[in-house]
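Visitor: One structure coming up, written as structure tokens, with questions to follow.
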Amino acid sequence: MIFKDLGLHPDIVSGISEIGFETPSPIQAAVIPYVLNNQDDIVGLAQTGTGKTAAFGLPMLHLTDTTRAVTQSLVLAPTRELCVQIASELRKYSSKVAKIRIVAVYGGEDIRKQLKELDQTPHILVATPGRLMDLMRRGKVSLVNINYLVLDEADEMLNMGFVDDITEILQETPKTRRTLLFSATMPQEIADIAQNYMRNAHEIAVGKRGEAAQNVEHRYVLIKSTLRYEVLKRILDYYPDIYGIVFCRTRMETKEVAEKLMVDGYNADALHGDLSQSQRDAVMNKFRIKHLQILVATDVAARGLDVNDLTHVIHYVLPDDKETYTHRSGRTGRVNKEGTSIALVTPREKMSIKSIERTIKRTFVEMEIPSGMAVCQRQMQHLLGQMSAVTMHPKLHKLLPDAYEILKDVSKEELIAQLISVRFNPLLTYYENAVDLQAMMRKEPKEEVKLSRRQKRQADKGDTLRLKINRGKNDKMDPRKLLGLLNDVVNDRSMVIGDIDISAKFSFFDVPKDRVEQVVNAFAVSKRARGIQIAMVKGTQGSQKSDVKGQRSEVKGQKRKPRRGQT
Ligand code: AMP
């Protein structure tokens, strides 16, 4: 099926073909002919990204009579961002429709500007319920000629407490109007609105009720809660061309994760409720134009974010309710695009996966935490992909003769190895000693429980292991400073530190065996330990002084310089 077959006005078909719409998405193929050929109302169960704006927008444009200077269509949406997005999509679709006026009004912006825009009556009004009520009270908007009304993201509008405003607005519009309600989920309040305010509501669902989008792959990764951040970084490293959202549950968590990612060199930023509207706009804009690869966000702040082609959604922590999971994961896998939703779960949180599976009727695939080598391989493939896609700069040929001359005796294999080494040596060095996070998980949960008593006894007997950090006398480290650092980083004064030795570049110290992981993790996440690498001295028990030269460390904190070898 193509758009021309749907019965839309040729100006509309021509406008959308210019922006590259060829075949209707499933929700469009279902909704557009229905609106054009029937009189009944529609309840559309579809998430953002399914193409629902065009599904209600194209017939709306088709039915608009631009010779009548009255507001004929109204779209209600929960957020300012969504209103702006809908109005801008409608303007794109109607670029070939003469003299059509589309205005968006929403809270969070000076009302005077919007009042001015309304001086000339729009044919189509896109509004948040609260701001619309305000404008109605001021007599700036009349709904008496509305014959096409859309409630977009109705479940979100109800979540945001707009139910009274919506019912009042519905009552202000003529009973003869056409109503289209879109919602990702179907709570009882939505069914009630359909029942009380809609005529013969015909249900159109893309996928089944509450089900997640079909082209999203759902994965989970088993983690230890103390290593959540480390696993997140590993996953981000594994997808060098990721363009995604990391969902956190609280503002605090969002800020912390985003800050750590930025310090660790990722192209990330935070979106949460503590930001001012202009800060929010700036972050969203950066993300929208893909100057930002990773957005760390709370569910509330991400509402209405109009990004269309996320490659990944990462659940840093799973949400409490399944509907939020559906919303989050629906942000990827948009029209004709594959997406991946990855949830970081501890063995205990894994229970929730089963219940989400039942709701969304999809099976999760367990994903292993990528190893350091797998990350390096991925990143190399990414680089090679970029190399084969790059177009040469026209001025490059002027530089090439020198390069040919210098490299004339280098074989093709050597040349490839050297070029790749330039980019990959830091990454390979970093990952050479990185802890095998997946192996640590395999020990979970039974062994850890079993081991802890034994380990406790060992610790009581003074059974310790030797750790080292890359700070020594050259860095003015002495035993007192080392103890201070350990206190600050580990923040556990009950831990007994054994023998301390300080060489020019390193400091060595013994800790009880059962505390090794706690110490290593603390170094990996603490701000105070930024830039410090901690490692376990292999094959040594504490107090057996080791000659560290030539020894490889087995466990390594994951702090490192801004990542290289990545875009
Ligand atoms: P929506 O679900 O309305 O937010 O749409 C998601 C994105 O898909 C928007 O960027 C639309 O411009 C785009 N889109 C909608 N319908 C189509 C289509 N039939 N073909 C290609 N892209 C589309």
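Visitor: Could you check D306 against (1) in a strand (DSSP E or B); (2) over 11 Å from the mean Cα position of the chain (by Cα); (3) within 16 Å of the ligand (Cβ to nearest atom) and say which number it fails?
Guide: Every listed condition holds for D306 apart from (1).
Visitor: Could you check segment 70-91 and list, in sequence order, the residues that are at pLDDT below 95, outside any helix (DSSP H, G or I) and either more than 14 Å from the ligand (Cβ to nearest atom) or open to solvent by 10 Å² or more (accessible area, probe 1.4 Å) (or both)?
Guide: T79
Visitor: Within segment 521-538, track down each residue that is part of a loop (DSSP other than H, G, I, E, B) and not small (G, A, S). If you could, list the steps in order and put the result at the bottom.
Guide: So in segment 521-538, the residues part of a loop (DSSP other than H, G, I, E, B) come out as 526-533.
Correct list: K527, R528, R530, I532, Q533.
Visitor: Moving on to the next point. Given the condition within 16 Å of the ligand (Cβ to nearest atom) and within 24 Å of the chain's Cα centre (by Cα), answer yes or no: does some residue in segment 94-116 qualify?
Guide: No - not one qualifying residue is present in segment 94-116.
Visitor: Shifting gears a bit: (1) near the ligand (Cβ under 10 Å from one of its atoms); (2) surrounded by fewer than 22 Cβ atoms within 10 Å (Cβ to Cβ); (3) of a type outside the set (G, A, S): which one isn't true of T50, the others all being true?
Guide: The failed condition is (2).
Visitor: Only one of H327, H312, H291 is within 28 Å of G51 (Cβ to Cβ), open to solvent by 30 Å² or more (accessible area, probe 1.4 Å) and modelled with pLDDT of 90 or more; which?
Guide: After ruling out the rest, the residue left standing is H291.
Visitor: Continuing with this model, one more query. Kindly indicate which of T298, T332 is farther than 17 Å from L236 by Cβ and not assigned by TED's automatic domain parsing to the domain that holds M186.
Guide: That would be T298, the only listed residue that is farther than 17 Å from L236 by Cβ and not assigned by TED's automatic domain parsing to the domain that holds M186.
Visitor: On the given criteria, is S355 touching a residue at least 12 places away in the same chain (Cβ under 8 Å) and more than 13 Å from the chain's Cα centre (by Cα)?
Guide: The answer is yes for S355.
Visitor: Further question on the same structure: If you check I19, I12, which single one turns out to be open to solvent by 20 Å² or more (accessible area, probe 1.4 Å) and among the aliphatic types (A, V, I, L, M)?
Guide: I19
Visitor: Follow-up question, since we're still on this one. For segment 315-322, state whether one or more residues are at pLDDT below 90 and assigned to a helix (DSSP H, G or I).
Guide: Yes; the residues of segment 315-322 include at least one that is at pLDDT below 90 and assigned to a helix (DSSP H, G or I).
Visitor: As an exercise: evaluate A30 against (1) more than 13 Å from the ligand (Cβ to nearest atom); (2) on the phi < 0 side of the Ramachandran plot; (3) open to solvent by 10 Å² or more (accessible area, probe 1.4 Å) and give the number of the one condition it does not meet.
Guide: Only one criterion in (1) more than 13 Å from the ligand (Cβ to nearest atom); (2) on the phi < 0 side of the Ramachandran plot; (3) open to solvent by 10 Å² or more (accessible area, probe 1.4 Å) is unmet by A30, namely (1).
Visitor: I've got another one for you. Of all residues being outside any loop (DSSP other than H, G, I, E, B) and under 19 Å from T48 (Cα atoms) in segment 1-27, which is farthest from the ligand (Cβ to nearest atom)? Just the residue, please.
Guide: Selected residue: P26.
Visitor: Another question, then. Could you please find all residues in segment 231-247 being open to solvent by 10 Å² or more (accessible area, probe 1.4 Å) and acidic (D, E)?
Guide: The answer is D241, and nothing else.
Visitor: Next question. Which residues, taken from segment 484-514, are farther than 15 Å from I532 by Cβ and assigned to a helix (DSSP H, G or I)?
Guide: K513, D514 - these are the residues of segment 484-514 that are farther than 15 Å from I532 by Cβ and assigned to a helix (DSSP H, G or I).
Rundown of residues vs (1) touching an Asp or Glu at 6+ places or on another chain (Cβ under 7 Å); (2) at pLDDT 95 or above, yes/no style:
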| residue | (1), (2) |
| --- | --- |
| V103 | yes, yes |
| T128 | no, yes |
| M133 | yes, yes |
| T167 | no, no |
| N196 | no, no |
| A201 | yes, no |
| G207 | no, no |
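The values are calculated or read from the model by the stated rules, or taken from the named source; none is laboratory data. Because the structure is a prediction, the values reported are computed rather than measured. Every residue, glycine as well, gets a Cβ built from its backbone with ideal geometry; the counts of neighbours run over all protein chains shown. Quick note on the areas: whole protein, heavy atoms, side chains included, nothing else; ligands and nucleic acids left out. Shrake-Rupley method; radii C 1.70, N 1.55, O 1.52, S 1.80 Å.
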